[in-house]
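Worksheet for the structure shown next.
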Amino acid sequence: MRRPPGAVTELLGPALLVILVGVVGTTASASNEGYFLNALVSVAIVVAIYVFVGISGVLSFGQISFVALGAFAAGVMTVPVESKKGVLTSIFPLLRDHSIGNVPSLLLAAALGGVFAFLVGLPLMRLSGLAAGIATFAVLEITHNVLREWTKIGPGATTLALVPETTGALQATLGALVAITVAFLYQRSRRGRLLRASREDPAVARSVGVNIHLERLLAFTVSGALAGFAGGLYVHLLGSITTEQVYLELTFLTLAMLVVGGLTSLWGAVVGALAVSGLDSFLSRAESGVHVVFTFTLPQGTRLVFLAAIMALVLILRPSGLTGGRELRLRWSLRRWR
Amino acid sequence: MTILASIDLQTLGDAFGQGAIYALMAVGIGLVFGVLRLVNFAYGQLIMAGAYTLAYTSGWPVAASIVSCFAVVVALSLAMDRLVFRPLRSSSPAVMLVTTFAIAFLLQAVALIIDLRDGQLGQVASSIAPLNQAVSVGGVDVRKVTFVAVGVAVGALITLALVLTRTTIGLHTRAAASDFRTARLLGVRANRVIAFAVVVSGLLAGAVAVLLTVQNPFVQPDFALEDTIIVLVGVVVGGIDRLWTATLGGFAIGFVSVIVNAALPTDKTVFLPSVVYALVIVVLLLRPAGLFAWGRRAAVERV
């Protein structure tokens, strides 16, 4: 079989873009570096969501549950043992007396995210359309509620602090690259293509023997593992976290990033995440005055107004997203433009 | 039967009140979904705008305050349709939904800026607070607003049922809701039907704004946001494809939330959302097309 064109750019395009952002991030001032790292972690989260929502075409509001689980698992397990007794008083002794390093915590986050997604997906992946959206949203609500109120497994409603801030430019870039590579390998695989076929036409896909429930469950699990991993990156970036930071607002923001970029392509996920976080960073800088050709300052509090308005405008003017939901394909696009 | 023992008349009254308000919101969301196939997440922000109008017109006579609340909400609802929904009519459901997220955040951010002009968050709508007093009926304290809520809900639903079944515009709306394209071919004017649905949905949002503000006169930018999310869940659980099942779904989730809250042991009520949403998942798994959508099977969607 001839290799379809564009396989190289499909991976290299997003990867190079992420590396570029990482490299520029290291040259930025300390106060600006956070924006770049945040953008890279957003890429990891949005790519995780894309693996399920983008490829299967089933709307899910639940992927941030796996981010939350990953973030709290990685966070709780990396707080140094000597500080834990003071911070996490009511936690299970097993969790209190052990701590693990940075990389094991990321692997743990990914594993927990994957297992949780598999268990949740087992019954839920039979649903599609709005019912699937609402059921996955219910998962988010339950996860948030339990993480917030059950103080035996975490900090409850208080802030989880003293998490080692190990997500620097290198870890953020590598993390985003891992997410992109996994997503790429999955969507290029036989299984990924079967799922994509079921998105385009469920009836025909079923008629040629695609087990839609199984394919969706696999994608949901991969997506959950990536989301857990991204949650681990996120908590190590922030250093302290509350359950509210991995809840509704993050769900809406990351979904908006995916849709703004283009729901149905990996390139769209990466571009959307970087474009929206870039815009958000720019606007929050602009609230304290920014110099572009001439210096201008946005009135305080208008950042969210502009961010929401620009996102709405993009969606109204370009409903298929900035990338049109297509992968980056140089040869293909040259032919088209000629 | 220890669970039922903790549910007294008081709880039942509250449950009906909550269910009635959620049913009104469900109708507002369901009507627009019927004609536009659009889940309007920004519906809560219409209610929030109405609540702010009530708060900022607290000094006016109550009637004028309520009229201006309705005017603002309906105007905003129409503006939303013209500026956002109309350009999106041919988009995919995901794009429409996410765009309404953006609109919701936009309106909330604008409300925050307006609210913070006086340096403190939140405004109090004081003029309509007296409705919140309790009256004693047969030994049970029921807040007056509960009666008003149930009354308004029943009245509005009966009126709407009459309009939908007895008038031309109602017939057109029902035709458009069951098959928009065919309805247009048969001479139903799309824009008029949509405008009708949007205005009615706005009127209902205005009514809900008044009822919710009476219950909780402290208005903040995220006013009614949580309620909207719960109602959206209830609407889908009930069956969003039909107005009646959607309405029943909205009522049911409000009613059940209050009952579950009363039935849970006091130290476990923090887990109320988990219990309610676990029920939601169970219902969706058993009846994906909607709890009340009897006799219809979820067909495979074909273009």
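The values are calculated or read from the model by the stated rules, or taken from the named source; none is laboratory data. Since this is a predicted model, take the numbers as computed values, not measurements. Backbone-built Cβ (ideal geometry, glycine too); neighbour counts: all protein chains shown. To get the accessible areas, we keep the full protein, side chains included, count just its heavy atoms, and leave off ligands, DNA and RNA. Shrake-Rupley method; radii C 1.70, N 1.55, O 1.52, S 1.80 Å.
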Cα centroid of segment B:151-182 to Cα centroid of segment B:188-203, whole Å: 11
Note every residue of segment A:126-147 with a reduction of at least 40 square angstrom in accessible area, all protein chains present versus the isolated chain, computed with a 1.4 Å probe, or write none. A:L127, A:L130, A:A131, A:I134, A:F137, A:A138, A:E141, A:I142, A:N145
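B:D118 to B:W294: extension gain in nm, 0.36 nm per residue of separation minus the Cα-Cα distance?
58.1 nm
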Mean Kyte-Doolittle of at least -0.5 plus a Cα span of 27 Å or more along the axis: flag which DSSP H helices in chain A meet both, please. A:7-27, A:30-49, A:102-124, A:129-149, A:169-188, A:212-238, A:266-286
Taking R0 as 22 Å, what FRET efficiency do you get between A:L119 and A:L94 from their Cβ-Cβ distance, rounded to the nearest 0.05? 0.60
Extension gain from B:Q133 to B:V154, taking 0.36 nm per residue of separation minus the Cα-Cα distance: 5.4 nm
Express the accessible area of segment B:12-128 per residue in Å², computed with a 1.4 Å probe while the remaining protein chains stay in the model. 34
Efficiency of FRET between B:K268 and A:E249 - r from beta-carbon atoms, R0 41 angstrom, step 0.05: 0.90
The correct ranking of B:F271, A:F52 by accessible area at 1.4 Å, largest first, is B:F271, A:F52
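Ignoring ligands, DNA and RNA, what percent of the 1.4 Å accessible area of the protein assembly as shown is carbon and sulfur?
Its accessible area is 67 percent carbon and sulfur atoms.
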Residue order for B:D115, B:D267 - accessible surface, 1.4 angstrom probe, largest first: B:D267, B:D115
At 1.4 Å probe size, with no ligands or nucleic acids counted, give the accessible surface of A:K84 in Å², nearest ten. 0
SASA check, B:L264, accessible area w/ 1.4 Å probe, all protein chains in place, rounded to nearest 10 Å², comes out at 40
Packing-wise, with mean Cβ within 10 Å as the measure, how do A:222-228, B:94-100 rank, highest first? A:222-228, B:94-100
Rounded to the nearest 100 Å², what is the sum over both chains of accessible area buried where B meets A, with a probe of 1.4 Å? 3300
Give the cross-link partners of A:K85 among the aspartates and glutamates, using a straight C-alpha distance below 18 Å as the criterion and excluding same-chain residues fewer than 8 apart. A:D97
Between B:L286 and A:L20, what is the FRET efficiency for a Förster distance of 35 Å, r being their Cβ-Cβ separation, to the nearest 0.05? 0.10
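Keeping all protein chains in place, calculate the accessible area per residue for chain A (probe 1.4 angstrom), answer in Å².
Values: 14160 Å² over 338 residues.
On a per-residue basis, 42 Å².
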Summing -39500 (n - 2.57) over every DSSP H run of at least 4 in chain A, dividing by its residue total and rounding to the nearest 500, the 222 nm mean residue ellipticity is -23000 deg cm²/dmol
